[in-house]
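Beneath this line is the structure, given in structure tokens, with notes to follow.
What follows is calculated from the coordinates using simple rules that are stated; it is not laboratory data. Since this is a predicted model, take the numbers as computed values, not measurements. In this analysis, Cβ positions are derived from the backbone assuming ideal geometry, glycine residues included, and neighbour counts consider all displayed protein chains.
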Amino acid sequence: MISRAAKEHIFAAATRAALGLSVCILAFLLGAIIVRGAQAISLDFLFMPSRDFGSRGGISYQIFGSLLIVLTAGLIAAPLALGASVYRSEYIKNTAAQRLFDLALYGLNGVPSIIFGLFGLILFVNIFGTGLSWFVGAVILAIMMLPTACMATISAMRGIDTPYRENAYALGLTREQTALRIIIPQSLHGLVTGLLIGLARAIGETAPIMFIATAFSGAGVPSSLAEPVATLPTHILALAQQAADPAALQNAWGASFTLIALVAMFSLAAFFARARLLPLSQR
Amino acid sequence: MPQSQHLKLVSSAPHHVAISLENFGVWFGDSCILSGVNAHLPKRGVTVLVGPSGAGKSTLLRALNRISDDMAGLSIQGRAYFEGCEIYAKDCDVTKLRARIGMVFQKPCVFPRSIAQNVLFGLRGVKLSQAQKHDIVEQALRGAALWNDVHARLGERADTLSMGQQQRLCIARALALKPDVLLMDEPTASVDPVSARTIEALMRDLGRTIPVLTVTHNLAQAKRIADHVLFLCEGQLVEAGDAAHMFSNAALPKTQTYLCDEFCEC
Ligand SMILES: Nc1ncnc2c1ncn2[C@@H]1O[C@H](COP(=O)(O)OP(=O)(O)OP(=O)(O)O)[C@@H](O)[C@H]1O
Ligand SMILES: [Mg+2]
């Protein structure tokens, strides 16, 4: 028989060990990238285009391409997420239908990113004949971000007390007016946080965009929607394949560092956006 | 028989009645909250709805302007008429109905906007000049006895007001729409005694022009403001009548005990 106190000790020790291990792994990963990557970072590296398939020069077009794709994806995802969330939260009253909707969201969230890449390749590049296009990449990333953004928005909408809705209805507001004037303003923090978390995830994705939206070399600033761009994750992939060349490896670390810094920026932005946009009543 | 079909849609209530209920009932799932309610709300005066907790007073009020429509499992029995039109008819314009039947809830709930914006909230679709807006805000706030408290800070956020002030703001918000009926669910429950008296006076005032249906647990207050009394118990309308009659010689012993502030075994 193990005493109750001993059981508690074991449980506490196990949770502590789990936490310690995760922190260690994270610290090791970040430490390696920061130490190695920081050496590669310079103003030239950040603001010069790459040469020799990335082993020389910088990553300016990759940074530009990554930001262009994910920010466009965010702009596409925002209205879709808002619309879907309002519909789920304010219009669907049937519990079975609500469950079905949630199930669809979870399902979409669980689709491996390579499948999205394949879907984009077949639907847009092959059937619609768009060719390699950064915009198609943005559309695919927007679809990938949708569940995260929707879930955060819906949960913010669930947090709005029913009396707000009832008081608005009692003043003769329609469901649309109530959604526009009460529900959306009071759940913006959820939408923005969800989108930024989605952006932070999307900017690191390689699989969904590498067949449809990116070029490994030679891509600059696109002059139309139907041109590829260079992006950080695909650039890292290409550099990793030339790892035998120390200069390429050095640049791969530098690009990884930059990518992680961008992810961290989006995550921080999500944190501050939440704090700023949270309605007074919920702070 | 088109004749009788037509008759069904129009209440047989006399002209001095604003809202009439015929065999009205409310169910949530398979629990019956209200049943067989037959009552009239006169076109003028304050009607006080009294009854023990859980009697179904709020349920009745919320059914009259169809605020409960979205609640899971709600079903309505019998008929309710507002100025002769059936409230639960398929072609009833619920939004218009709600705008005409003002409602003040038990707990104040102001929107996270300025005080002035709260007052104008129900009028957002209406084109109004700045001066008109100001007039409406002032009139509504005066009507709700809040003007003196807040006239210097109309632009401040409404959630900075005290509970009692918020409740009066909710009343002002309803008044700004110039409703044809005002339903009030324990409007003085979260308000200090002085504000409560102001709201009572306001109800008396309003009662001269429109019907006011209010719920209260405070029998002394009921005596002060009531022109008519409805006594509800366990989802049934026990007795209804003029205030004077109900408070002095109600027909049923149950009503007498309740209205005399004694323990009620209903
Ligand atoms: N959504 C609901 N589902 C099921 N039952 C409900 C629902 N809302 C209210 N009820 C029940 O209906 C009955 C009447 O409730 P109601 O709120 O109308 O009482 P009330 O007379 O207003 O009481 P109080 O004076 O305490 O406010 C209660 O027994 C309550 O439990
Ligand atoms: Mg109640």
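Need one number: convex hull volume per residue for the range A:142-283, Cα atoms only, in Å³.
That works out to 133 Å³ per residue.
Using θ = phi - 60° and the Karplus curve 6.51 cos²θ - 1.76 cosθ + 1.60, what whole-Hz ³J(HN,Hα) does each residue of the range B:173-185 get, with Gly and Pro shown as x?
4, 5, 5, 4, 7, 6, x, 8, 9, 10, 9, 10, 9
Any idea how far apart B:Asp70 and A:Ala207 come out in nm if each label point goes 7 Å out from Cα toward Cβ?
3.9 nm
Determine the calculated [θ] at 222 nm for chain A from helices alone, applying -39500 (n - 2.57) to every DSSP H run no shorter than 4 residues and normalising by the residue count; nearest 500 deg cm²/dmol.
So the helix-based figure for chain A works out to -23000 deg cm²/dmol.
Please check which bits of the range B:27-63 a label hung off B:Asp242 would reach, taking the label as a point 7 Å along Cα-to-C-beta and the cut-off as backbone N under 20 Å.
Inside the label zone: B:39-50.
Using only Cα atoms, find the angle between the long axis of helix A:4-40 and the longest principal axis of chain A, and express it within 0 to 90 degrees, rounded to the nearest 10.
40 degrees
Between the DSSP loop rule and a limit of at most 13 other Cβ atoms within 10 Å, which chymotrypsin sites (Phe, Trp or Tyr not before Pro) in the range A:111-220 are left?
A:Phe128
Taking beta carbons within 10 Å but only from partner chains, what does the mean come to for residues B:56-68?
Average per residue, whole number: 1.
Calculated from DSSP H runs of 4 or more alone, at -39500 (n - 2.57) each and per residue, what is the 222 nm mean residue ellipticity of chain B, nearest 500?
Using -39500 (n - 2.57) per qualifying helix, the result is -10000 deg cm²/dmol.
Per-residue Cβ counts within 10 Å, from other chains only, averaged over B:103-112: what number is that?
Whole-number average of other-chain Cβ neighbours for B:103-112 is 5.
Could you tell me how many degrees, from 0 to 90 and to the nearest 10, lie between the Cα long axis of helix B:130-143 and the main elongation axis, the longest principal axis, of the Cα atoms of chain B?
50 degrees
If you count, for every residue in B:175-187, the Cβ atoms of partner chains within 10 Å of its Cβ, what is the mean?
The mean count of partner-chain Cβ atoms within 10 Å per residue comes to 1.
Please list the non-local residues whose amide H lies under 5 Å from the amide H of B:Leu183, H modeled 1.01 Å from N, same-chain partners needing a gap of 5 or more.
Those qualifying (amide H under 5 Å, at least 5 residues apart or on another chain) are B:Gly102, B:Met103, B:Val104, B:Leu213.
What are the chymotrypsin sites (Phe, Trp or Tyr not before Pro) within the range B:172-266 that DSSP puts in a loop, where the Cβ has at most 12 other Cβ atoms within 10 Å?
Answer by residue number: B:Phe263.
Tell me whether chain A comes out rounded, prolate or oblate; compute the Cα gyration tensor, take square roots of the eigenvalues as a ≥ b ≥ c, and use a/c under 1.5 as the rounded threshold.
oblate
According to the Kirkwood expression over distinct Cα-Cα pairs, how big is the hydrodynamic radius of the protein assembly as shown, in Å?
28.2 Å is the Kirkwood radius here.
So which of B:Lys96/B:Lys223; B:Lys133/B:Lys223; A:Lys93/B:Lys57; B:Lys90/B:Lys254; B:Lys223/B:Lys254 end up more than 29 Å apart by C-alpha?
Exceeds cut-off: B:Lys96/B:Lys223; B:Lys133/B:Lys223; B:Lys90/B:Lys254.
Can you list which of the trypsin sites (Lys or Arg not before Pro) found in the range A:32-125 are DSSP loop residues with at most 16 other C-beta atoms within 10 Å?
Those satisfying the criteria are A:Lys93.
Counting only DSSP beta bridges with both residues in the protein assembly as shown, tell me the antiparallel percent, nearest 5.
Of those bridges, close to 60 percent are antiparallel.
Taking K and R as +1 and D and E as -1, what net charge do the other residues with C-beta under 10 Å from the C-beta of A:Val70 add up to?
0
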